[in-house]
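The values are calculated or read from the model by the stated rules, or taken from the named source; none is laboratory data. Worth saying up front: this structure is predicted, and the values here are computed from it rather than measured. Positions of Cβ are backbone-derived with ideal geometry, glycine not excepted, and every protein chain shown enters the neighbour counts.
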Amino acid sequence: MKMKWWQVGSLGIQHVLAMYAGAIVVPLIVGGALHLTSEQLTYLVAIDLLTCGIATFLQAWKNKWFGIGLPVMLGCTFTAVGPMIAIGGQYGMPAVYGAILCAGAVVVLISPYFGKLRTLFPPVVTGSVVTIIGLTLIPAAVNNMAGGQGAKDFGDPANLALSFGVLALIILLYRCFTGFIRSISVLLGMAAGTFAAAMMGKVDWTPVAEASWLHWPTLFYFGAPTFHGSAVFTMVLVAIVSLVESTGVYFALSDICRRRLTDDDLAGGYRAEGLAIIIGGLLNAFPYTTYSQNVGLVQLSGVKTRNVIYAAAAFLVLLGFVPKIAAVATIIPAPVLGGAMLAMFGTVIAYGVKMLSQVDLAMQENLLIIACSVGIGLGVTAVPNLFAELPAGLRILTDSGIVAGGLTAILLNAVFHFGKARKSAALPLQEQKIS
């Protein structure tokens with residue numbers, strides 16, 4: 001049945017709302033942690049919305065060069081939050097975008113081959129990395145819940161009431177609703193928390209008043225990119241983890257749409273994500289990945305046409321050109337953001353645990369891989385001077401807990417499983433055992 005334009009538009013807006021919280025929270029968290037000005041933060045939110053729209057269009061529009069051609073939405077990946085904060089804090093914003101550009105280029109280059117490279121990143125590796133990322137983000141959420149690190153009213157009961165109130169509302173919405181309301185519970189929680197904070201006099205509307213109604217994207221807004229080995233390695237690792245997650249979304253959507261995916265389809269999807277990451281680097285936005293929450297909307301609505309996704313992409317681009325709207329997101333007080341962050345970052349940890357649930361934990365080798373990689377990742381995060389006396393070349397691999405933990409997982413997986421995988425592949429099918 002052919003839908004009317006307003007039906008397509010309303011379904012597109014629903015897709016935007018489902019991913020909007022993730023789209024605006026990531027720039028708010030990164031910008032807040034790196035102490036960006038209100039003007040810079042407004043730009044970051046606006047350009048992120050714009051690039052989300054461009055990235056979504058690239059992925060939905062299938063052609064012989066790029067695009068998966070499924071009703072999929074793209075947004076900034078949460079797994080990049082910790083690495084971006086760490087890189088920006090150590091080297092500055094230009095280094096963040098140098099790393100993002102390199103990661104995008106790597107994704108484009110490996111896109112025809114990633115189906116085979118996935119064997120290097122089984123759930124025991126990707127689950128460990130995602131878990132480490134989530135665990136390293138929790139302190140930022142707790143600091144914001146108290147009012148933000150360095151705040152004069154840090155730990156004030158009013159801040160705690162706001163943050164735990166937002167968290168309680170998100171939990172309540174999850175408990176009492178299903179479908180669309182549940183999918184935007186974080187957004188509703190932040191909106192209610194900001195309203196309550198405004199009643200308490202904790203909201204400054206100045207950024208909204210000062211923001212312009214229209215702006216154009218700026219190439220390298222934060223300056224020409226710089227390149228550092230550890231930063232690039234970290235972001236490439238984040239991009240690869242995102243590709244593994246996106247692959248699962250591709251197959252879920254292909255099942256919903258009753259379409260069989262070929263190797264060329266997957267390569268087109270990976271290449272579109274790589275191009276989106278490069279655009280994010282050029283415009284000083286974020287690395288982009290497939291959003292799984294929108295898959296639920298496709299399933300719930302039963303509407304599988306890409307016209308709805310094109311409409312959603314157009315709305316995102318439109319929002320990205322209007323800084324006044326983007327500025328509204330920047331006035332959210334730290335305690336309100338902290339309550340939402342705790343739920344979202346906790347979800348990152350839970351998702352990592354879910355990925356690890358696919359692992360055969362009866363095998364002591366897998367337990368050791370998880371134990372050592374998570375232990376190293378958290379150890380380096382908690383004690384950043386652990387490897388301070390090593391040569392500079394080696395510190396590239398040890399400065400970041402995510403890199404150190406991720407590399408540990410990759411190496412230990414190769415040590416324990418690579419030989420077994422080759423041996424198993426050489427056996428007749430009936431003699432192979434699933435480990």
Q) Any residue in the range 207-225 that is out of contact with any Asp or Glu (no Cβ under 9 Å at 6 or more places or on another chain) and of a type in the set (Asp, Glu)? A) no
Q | Positions within the range 329-362 being assigned to a helix (DSSP H, G or I), closer than 24 Å to Val244 by Cβ and of a type in the set (Val, Ile, Thr), in sequence order | A | Thr347, Val348, Ile349, Val353
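A quick yes/no check of all residues on (1) buried (at least 23 other Cβ atoms within 10 Å of the Cβ); (2) within 19 Å of Val403 (Cα to Cα); (3) touching a Gly at 6+ places or on another chain (Cβ under 6 Å):
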{"residue": "Pro71", "(1), (2), (3)": "yes, no, no"}
{"residue": "Val108", "(1), (2), (3)": "no, no, yes"}
{"residue": "Lys116", "(1), (2), (3)": "no, no, no"}
{"residue": "Val125", "(1), (2), (3)": "yes, yes, no"}
{"residue": "Ile133", "(1), (2), (3)": "yes, yes, yes"}
{"residue": "Gln149", "(1), (2), (3)": "no, no, no"}
{"residue": "Ala158", "(1), (2), (3)": "no, no, no"}
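Looking at Gly89, Gly53, which is the one that is over 29 Å from Arg260 (Cα atoms), in contact (Cβ under 8 Å) with a residue 12 or more places away in the chain and in contact with a Leu (Cβ under 7 Å, 6 or more places away or on another chain)? Steps first, please.
Details: Gly53 fails: over 29 Å from Arg260 (Cα atoms).
Gly89 is the lone residue from the list that is over 29 Å from Arg260 (Cα atoms), in contact (Cβ under 8 Å) with a residue 12 or more places away in the chain and in contact with a Leu (Cβ under 7 Å, 6 or more places away or on another chain).
Let me confirm something: among Ser254, Ser246, which residue is surrounded by 15 or more Cβ atoms within 10 Å (Cβ to Cβ), under 19 Å from the mean Cα position of the chain (by Cα) and under 19 Å from Ala60 (Cα atoms)? Walk me through how you get there before you give the answer.
Numbers: Ser254 fails: under 19 Å from the mean Cα position of the chain (by Cα).
Every option except Ser246 fails the conditions.
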Q. What number goes with the only condition from (1) in contact with a Phe, Trp or Tyr (Cβ under 8 Å, 6 or more places away or on another chain); (2) over 26 Å from Leu253 (Cα atoms); (3) crowded, with 24+ Cβ neighbours inside 10 Å that Gly82 does not pass?
A. (1)
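Kindly indicate whether Ala371 is buried (at least 24 other Cβ atoms within 10 Å of the Cβ), modelled with pLDDT of 85 or more and either among the polar types (S, T, N, Q) or part of a helix (DSSP H, G or I) (or both). Full working, then the answer.
On the way: buried (at least 24 other Cβ atoms within 10 Å of the Cβ): no; modelled with pLDDT of 85 or more: yes; either among the polar types (S, T, N, Q) or part of a helix (DSSP H, G or I) (or both): yes.
Criteria not met by Ala371.
Determine, yes or no, whether Phe286 is assigned to a loop (DSSP other than H, G, I, E, B), touching an Asp or Glu at 6+ places or on another chain (Cβ under 8 Å), within 27 Å of Ala326 (Cα to Cα) and at pLDDT below 95. Before you say what the answer is, go through the steps one by one.
Working: assigned to a loop (DSSP other than H, G, I, E, B): yes; touching an Asp or Glu at 6+ places or on another chain (Cβ under 8 Å): yes; within 27 Å of Ala326 (Cα to Cα): yes; at pLDDT below 95: yes.
Yes.
What number of residues within the range 160-195 are among the basic types (Lys, Arg) and surrounded by 14 or more Cβ atoms within 10 Å (Cβ to Cβ)? It would help to see each step written out before you state the result.
Let us first name the residues in the range 160-195 that are among the basic types (Lys, Arg), namely 175, 182.
Cutting the leftovers down to surrounded by 14 or more Cβ atoms within 10 Å (Cβ to Cβ) gives us 182.
Selection size over the range 160-195: 1.
Might you let me know whether the range 55-67 holds any residue that is in a loop (DSSP other than H, G, I, E, B) and touching a Pro at 6+ places or on another chain (Cβ under 8 Å)? If you could, list the steps in order and put the result at the bottom.
Within the range 55-67, the first condition is being in a loop (DSSP other than H, G, I, E, B), and the residues that meet it are 61-67.
Then keep just the ones that are touching a Pro at 6+ places or on another chain (Cβ under 8 Å); that gives none.
No, the range 55-67 contains no residue that is in a loop (DSSP other than H, G, I, E, B) and touching a Pro at 6+ places or on another chain (Cβ under 8 Å).
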Q: Could you check how many residues of the range 199-236 are assigned to a loop (DSSP other than H, G, I, E, B) and over 18 Å from Ala80 (Cβ atoms)?
A: 18
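Mind telling me which of the residues Gly155, Gly165, Gly148, Gly189 ends up being under 30 Å from Ile376 (Cβ atoms), of a type outside the set (Asp, Glu) and out of contact with any Lys or Arg (no Cβ under 6 Å at 6 or more places or on another chain)? Walk me through it before giving the result.
Values: Gly155 fails: under 30 Å from Ile376 (Cβ atoms); Gly165 fails: under 30 Å from Ile376 (Cβ atoms); Gly189 fails: under 30 Å from Ile376 (Cβ atoms).
Every option except Gly148 fails the conditions.
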Q. Scanning for something modelled with pLDDT of 85 or more, surrounded by fewer than 19 Cβ atoms within 10 Å (Cβ to Cβ) and either under 16 Å from Met344 (Cβ atoms) or hydroxyl-bearing (Ser, Thr, Tyr) (or both), does the range 25-44 turn up at least one residue?
A. yes
Q. Taking the range 173-198 as the region of interest, how many residues are free of Cβ contacts under 8 Å to residues at least 40 places away in the same chain, among the hydroxyl-bearing types (Ser, Thr, Tyr) and assigned to a helix (DSSP H, G or I)?
A. 2
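Of a type outside the set (D, E, K, R), in a helix (DSSP H, G or I), under 17 Å from the mean Cα position of the chain (by Cα) and more than 14 Å from Ala327 (Cα to Cα), is that true of Ala23?
On the way: of a type outside the set (D, E, K, R): yes; in a helix (DSSP H, G or I): yes; under 17 Å from the mean Cα position of the chain (by Cα): yes; more than 14 Å from Ala327 (Cα to Cα): no.
No.
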